[in-house]
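Student: Attaching a single structure in structure tokens format; questions to follow.
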Amino acid sequence: MECMSKFDGSQLDGHLLKLLLAVLETGSITAAAERLGVTQSAVSHLLDKLRAITGDPLFVKRGRGIVPTARAEALAQPARDMLHQMQLFAQGADFDPRAWQTELTIAANDFQRDLLLPALAARLRSAAPGVTLRIVPSGAPSAELLRSDACQLVISPRPPDGTDIVQKRLFEDQYRVFYDASVRSAPTTEADYLAADHATVAYEAHRGLDLDRQLLARGVRRRFAVRVPGFAALPAFVRGTALLTTAPSLLARTALADLTSAPVPVVCPDMPMYLIWHARYQQDAAHRWLRAQLQEVLFAVLPPGRGAPASASVALP
């Protein structure tokens, strides 16, 4: 036999591996054809191709039947192993979080960071002890933050645009006005609210909260005395003063716990919160497990009915 004259190992595929096993297990070209749902001539053609690749006759006649060569028998288990690996390649291996060894980076600003990520970190320490959780500020996140793999998840009320960016709404929060009750009372009218000095958050220069962009669209303008780079900084500036700060109500559980809050006396939009990732992780087993863990954290952390789970969707530009 002329070996490797037309074929080489790169032409080996799953069809040929299944053919080898079918002929080995049935001991017949006819039976192998029936099992595979092809004609006998197709089996013979593929068997010739496999013989050329392996450089071995693989099956020889014995009486009216055929028997495998020693080489064919030796190839049976490698063929099964390769088919299994091909299946894993197509479907993904079973994910074992306890065997996961990685540094996982999540981008989140202080509101969502302090509300959600301590509970997630505790879950990871228990279920995936080989994972190191790294948290970085997201600011007003860009699509490039995810495209560059600088982080694997972003939690933000501002999903970046991009057809390759996937988002899922986690929850919505309502705004409340926070103040130091030892210094002043809550504003009860729009006039009181707008007459006061305010402290606010600005993650980027010349860009405040989406709240103010929407208020300005209705002609409502607050007077700001202080702008800080995160919600956690607000108490130091509000405490002992008559300043007001308008912030998501869930901050009463974390950064603004020592301030008093009241309803905002102007109509405010809700603040949505999104989980955001790059499309390349959409079907990744580890990433899907991680997203499920964060969903479980929501049920534990948020008040009943506050979460707004929805199917993931690609954000269109």
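The values are calculated or read from the model by the stated rules, or taken from the named source; none is laboratory data. The shown structure was predicted, so the numbers you read here are calculated from the model rather than taken from an experiment. Glycine also receives a Cβ, built like all others from the backbone with ideal geometry; neighbour counts cover every protein chain displayed. Heads up: the accessible areas ignore ligands, DNA and RNA and are worked out on the full protein's heavy atoms, side chains in. Shrake-Rupley method; radii C 1.70, N 1.55, O 1.52, S 1.80 Å.
Student: Scan (1) surrounded by fewer than 20 Cβ atoms within 10 Å (Cβ to Cβ); (2) under 21 Å from ARG213 (Cβ atoms) for the single condition GLU144 breaks and write down its number.
Tutor: Result: GLU144 passes all but (2).
Student: For the stretch 218-227, indicate whether the set of residues that are open to solvent by 50 Å² or more (accessible area, probe 1.4 Å) and in contact with a Ser or Thr (Cβ under 8 Å, 6 or more places away or on another chain) is non-empty. It would help to see each step written out before you state the result.
Tutor: Our first condition is that a residue be open to solvent by 50 Å² or more (accessible area, probe 1.4 Å); within the stretch 218-227, this holds for 218-219, 221, 223-225, 227.
If we keep only those that are in contact with a Ser or Thr (Cβ under 8 Å, 6 or more places away or on another chain) too, we end up with 224, 227.
Looking through the stretch 218-227, at least one residue is open to solvent by 50 Å² or more (accessible area, probe 1.4 Å) and in contact with a Ser or Thr (Cβ under 8 Å, 6 or more places away or on another chain).
Student: What are the residues in the stretch 138-158 that are closer than 27 Å to ARG98 by Cα, assigned to a loop (DSSP other than H, G, I, E, B) and at pLDDT 90 or above, if any?
Tutor: If the condition is that a residue be closer than 27 Å to ARG98 by Cα, assigned to a loop (DSSP other than H, G, I, E, B) and at pLDDT 90 or above, then CYS151, GLN152 are the ones that fit.
Student: Looking at ARG288, is it at pLDDT below 90, surrounded by fewer than 19 Cβ atoms within 10 Å (Cβ to Cβ) and within 31 Å of the chain's Cα centre (by Cα)?
Tutor: On the way: at pLDDT below 90: no; surrounded by fewer than 19 Cβ atoms within 10 Å (Cβ to Cβ): yes; within 31 Å of the chain's Cα centre (by Cα): yes.
Judged against the criteria, ARG288 is not a match.
Student: Tell me, please, whether a residue that is modelled with pLDDT of 90 or more, within 20 Å of the chain's Cα centre (by Cα) and either open to solvent by 40 Å² or more (accessible area, probe 1.4 Å) or charged (D, E, K, R) (or both) can be found in the stretch 260-274.
Tutor: No - not one qualifying residue is present in the stretch 260-274.
Student: Shifting gears a bit: Would you list the helices (runs of 4 or more DSSP H) that sit entirely within the stretch 166-253 and hold 3 or more residues that are touching a residue at least 40 places away in the same chain (Cβ under 8 Å) and over 37 Å from the mean Cα position of the chain (by Cα)?
Tutor: Working: elements: 190-195, 210-217, 234-238.
Where helices (runs of 4 or more DSSP H) fall fully within the stretch 166-253 and carry at least 3 residues being touching a residue at least 40 places away in the same chain (Cβ under 8 Å) and over 37 Å from the mean Cα position of the chain (by Cα), they are 190-195.
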